[in-house]
Amino acid sequence: MPTTTGWTFRLDAAFYFSGDNPPDDTSLLVGLSDDRSAAQLSTSSYFDYLNRPAALEQLLRSNGQWFYPHPWLMTFVGDSRIESVVSGELDRLTPADLGSFGQIVLSAFRRPAAASPLLRLPSDDLIYAFNLVRIPTTAAATEAERLIADNRSVYERVRAAGGTLYPVSALPMTSEDWRSHFGAAWTWLHDAKQNFDPGHVFAPGYEIF
């Protein structure tokens, strides 16, 4: 997360339980070398846990930032390269590139947990979602364009490190980029598009084909 002096790291962890008796927080945190005085502990329903981004949305709506561009970048990086990729990007990024409410999000998962047929993932068994959640402090088109151009540069470095793109990201992609992105699945996807959507009605604007 950005601070006035650089970057700080926050670990979000959850322990799931059922019944009326929550587990003891102290025993759950044994062994962590965190800044315990800064820890924020809470117990919530499962729905409230999943819905926690709603509080940020509410805040951004109240000050108008929710209606500014959302130039977010979402990628996947393998465990073997994640440390060098993140370190390199932290050296390049400034807090202003994310905004005061922005953050860099890292979420680890095992490859078998993602079964969507067209989701492109690195070859590692352990994979990280590496996302730049940019929340600009201005609606100026020039700032949005700057951040989108920077997304493209970050993506190229991620791709060079064997990483892949989550396609909802805000960055320009050419047909050749998409062909490279889908790799061996490209022909299958292209044929399916011609078969089931010859008029190119679905998902306009992505310039995939």
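The values are calculated or read from the model by the stated rules, or taken from the named source; none is laboratory data. Given the structure is predicted, the values throughout are model-derived calculations rather than measurements. All Cβ positions, glycine included, derive from the backbone under ideal geometry; neighbour counts span all protein chains shown.
Look through region 131-181, keep the residues that are under 18 Å from Ile104 (Cα atoms) and of a type in the set (Ser, Thr, Tyr), and return whichever of them is farthest from the chain's Cα centre (by Cα).
Ranking the candidates gives Thr137 first.
Take Asp191 and decide whether it is closer than 28 Å to Pro112 by Cβ, among the charged types (D, E, K, R) and in contact with a helix residue (DSSP H, G or I) (Cβ under 6 Å, 6 or more places away or on another chain).
It is false that Asp191 is closer than 28 Å to Pro112 by Cβ, among the charged types (D, E, K, R) and in contact with a helix residue (DSSP H, G or I) (Cβ under 6 Å, 6 or more places away or on another chain).
If you take the residues in region 107-122 that are surrounded by 10 or more Cβ atoms within 10 Å (Cβ to Cβ) and of a type in the set (Gly, Ala, Ser), which one is farthest from the chain's Cα centre (by Cα)?
Out of the qualifying residues, it is Ala114.
Given the condition in contact (Cβ under 8 Å) with a residue 60 or more places away in the chain, among the aromatic types (Phe, Trp, Tyr) and within 27 Å of His181 (Cα to Cα), answer yes or no: does some residue in region 74-91 qualify?
yes
Just checking, how many residues over region 22-47 are in a helix (DSSP H, G or I), exposed (fewer than 10 other Cβ atoms within 10 Å of the Cβ) and among the acidic types (Asp, Glu)?
Summing the residues that are in a helix (DSSP H, G or I), exposed (fewer than 10 other Cβ atoms within 10 Å of the Cβ) and among the acidic types (Asp, Glu) in region 22-47 gives 0.
If a residue has to be in a loop (DSSP other than H, G, I, E, B) and either exposed (fewer than 14 other Cβ atoms within 10 Å of the Cβ) or in contact with a Cys (Cβ under 9 Å, 6 or more places away or on another chain) (or both) to count, how many in region 136-158 make the cut?
3
Scan region 162-203 for residues that are surrounded by fewer than 17 Cβ atoms within 10 Å (Cβ to Cβ), polar (S, T, N, Q) and not in a helix (DSSP H, G or I) and jot them down.
Thr174
I need every pair where a residue in region 180-209 that is within 17 Å of Tyr166 (Cα to Cα) has its Cβ under 9 Å from the Cβ of a residue that is loosely packed, with under 12 Cβ neighbours inside 10 Å and among the hydroxyl-bearing types (Ser, Thr, Tyr), sequence separation at least 6 or different chains.
Sorted first by the residue in region 180-209, then by its partner, the pairs are Glu207/Thr174; Glu207/Ser175; Ile208/Ser175.
Is it the case that some residue within region 63-74 is over 20 Å from the mean Cα position of the chain (by Cα) and assigned to a helix (DSSP H, G or I)?
Checked region 63-74: at least one residue is over 20 Å from the mean Cα position of the chain (by Cα) and assigned to a helix (DSSP H, G or I).
Which residues, counting only those in region 123-135, are surrounded by 16 or more Cβ atoms within 10 Å (Cβ to Cβ) and assigned to a loop (DSSP other than H, G, I, E, B)?
Answer for region 123-135, where residues must be surrounded by 16 or more Cβ atoms within 10 Å (Cβ to Cβ) and assigned to a loop (DSSP other than H, G, I, E, B): Asp124, Arg134, Ile135.
Per-residue answers, yes or no, for (1) β-branched (Val, Ile, Thr); (2) surrounded by 13 or more Cβ atoms within 10 Å (Cβ to Cβ):
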site	(1), (2)
Thr8	yes, no
Ala13	no, no
Tyr49	no, no
Leu59	no, no
Leu93	no, yes
Ser100	no, yes
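If the Cβ limit is 9 Å and pairs must be 6+ apart or interchain, which residue in region 99-118 that is under 30 Å from Ala139 (Cβ atoms) pairs with which residue that is part of a strand (DSSP E or B) and polar (S, T, N, Q)?
Matching pairs, first to second residue: Gln103/Asn131; Ile104/Asn131; Val105/Asn131; Leu106/Asn131; Ser107/Asn131.
Inspect all residues belonging to region 34-43 and state whether any of them is closer than 21 Å to Asn151 by Cα and among the polar types (S, T, N, Q).
No: region 34-43 contains no residue that is closer than 21 Å to Asn151 by Cα and among the polar types (S, T, N, Q).
Among the numbered criteria (1) modelled with pLDDT of 95 or more; (2) closer than 18 Å to Pro136 by Cβ; (3) not in a loop (DSSP other than H, G, I, E, B), which one does Ala96 miss?
Unmet for Ala96, out of (1) modelled with pLDDT of 95 or more; (2) closer than 18 Å to Pro136 by Cβ; (3) not in a loop (DSSP other than H, G, I, E, B): (1).
Give me the residue from region 151-209 that is touching a strand residue (DSSP E or B) at 6+ places or on another chain (Cβ under 9 Å) and of a type in the set (A, V, I, L, M, F, W, C) and, out of that set, nearest to Pro136 (Cα to Cα).
Ranking the qualifying residues of region 151-209, first place goes to Ala170.
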